[in-house]
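Input: a single structure, listed below in structure tokens.
The values are calculated or read from the model by the stated rules, or taken from the named source; none is laboratory data. Everything numeric in this text was worked out from a predicted model, so none of it was measured. With ideal geometry, Cβ positions are generated from the backbone for all residues, glycine too; neighbour counts draw on all protein chains shown. For accessibility, only protein heavy atoms count, side chains too; no ligands or nucleic acids. Shrake-Rupley method; radii C 1.70, N 1.55, O 1.52, S 1.80 Å.
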Amino acid sequence: MNFSIKNFTKKILLPAAPLFTMLLVLNSCKKDAVQTLPQRDWELVWSDEFNGTAGSVPDNTKWSFDIGTGNNGWGNSELQYYTSRPDNVQLDGSGKLVITAKSESFAGSGFTSARIKTKNLFAQAYGRFEARIKTPTGPGLWPAFWMLGSNIDATPWPHCGEIDIMEQRGQQPAVTWGSVHGPGYSGGNAVSKPYGLTNGRFDTEYHLYAIEWGEGYIDYFVDNYLFQRITPDNVTGQWVYDHPFFIILNVAVGGNFVGFPTTGTPFPQSMYVDYVKVYKQK
């Protein structure tokens, strides 16, 4: 596939004026505000709670694998080889999906990891998309929970659209990013905003990452705290978030967004996913 070449520099935007009643007192990107949000009536339409025996692979009726390196079409100057081996992706037997990045020589690459997707198995336009995740840590690690337009084969990136619900730099374990990439605002020009924890780190506890996406807006949440709204007024090109998107979970090693691992980067490093759930509004 052809998609995002993310860069170190990203456009930082404050949310546009909300369409609902909300009291915000913002200090940087930290959670110290009171928010009054609408009570939406959500209906669960798809989920995976990763129940299964330890060492088994993810449900193949819900997930498929990307295999290989950036030479297969995804780029970003990443260093890993994505596999479907249990060494890199498996269920832990207690309701968690584990994606593990390893420092090892494999098929010409110095690192291995895994990337799974719901392409051709599940996609949806609009709704609430959420996952409860504990992320890995260390310079050069790049965990992500994100989505691509399901029309990507006919409409290549960035025109298909990309929604990054969560992506992190392993060297910044208390900061997460929410972004969109589309025609005219992709790669290093993505519309993007960081969110930083006041206390704690994303690699030591599970956190809930979500978007609530409707016609003309995408709201970004961490632990049900709204930290960003993106609307057509925020993008510098075409708004392409009006069709179904599929879900991706992965841990990259290296790349334009995070840089190289260092001698201080601990391996192996794992991302633990408790569940992924998708809702639609009744």
If we ask which residues in segment 85-112 are small (Gly, Ala, Ser) and open to solvent by less than 50 Å² (accessible area, probe 1.4 Å), their number turns out to be 5
Across segment 121-141, what is the total count of residues that are open to solvent by 10 Å² or more (accessible area, probe 1.4 Å) and farther than 19 Å from Asp219 by Cα? 5
Just checking, how many residues over segment 226-279 are open to solvent by 50 Å² or more (accessible area, probe 1.4 Å) and touching a Lys or Arg at 6+ places or on another chain (Cβ under 8 Å)? 3
Quick one: Asp164 ticks every box in (1) buried (at least 22 other Cβ atoms within 10 Å of the Cβ); (2) touching a Gly at 6+ places or on another chain (Cβ under 7 Å); (3) assigned to a loop (DSSP other than H, G, I, E, B) bar one, so which box is it? (3)
Residue satisfying all of: in segment 191-225; open to solvent by 20 Å² or more (accessible area, probe 1.4 Å) and of a type in the set (Val, Ile, Thr); nearest to the chain's Cα centre (by Cα) among these: Thr204
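Could you tell me which of the residues Thr9, Thr61, Thr21, Thr69 is open to solvent by 60 Å² or more (accessible area, probe 1.4 Å) and either under 19 Å from Ser113 (Cβ atoms) or modelled with pLDDT of 50 or more (or both)?
It is Thr61.
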Quick one: Gly182 ticks every box in (1) under 24 Å from Arg40 (Cα atoms); (2) in contact with a Pro (Cβ under 7 Å, 6 or more places away or on another chain) except a single one, so which number is it? (1)
Any residue in segment 153-160 that is open to solvent by less than 30 Å² (accessible area, probe 1.4 Å) and under 22 Å from Val278 (Cα atoms)? yes
Within segment 167-190, which residues are small (Gly, Ala, Ser), open to solvent by 10 Å² or more (accessible area, probe 1.4 Å) and within 19 Å of Phe221 (Cβ to Cβ)? Ala174
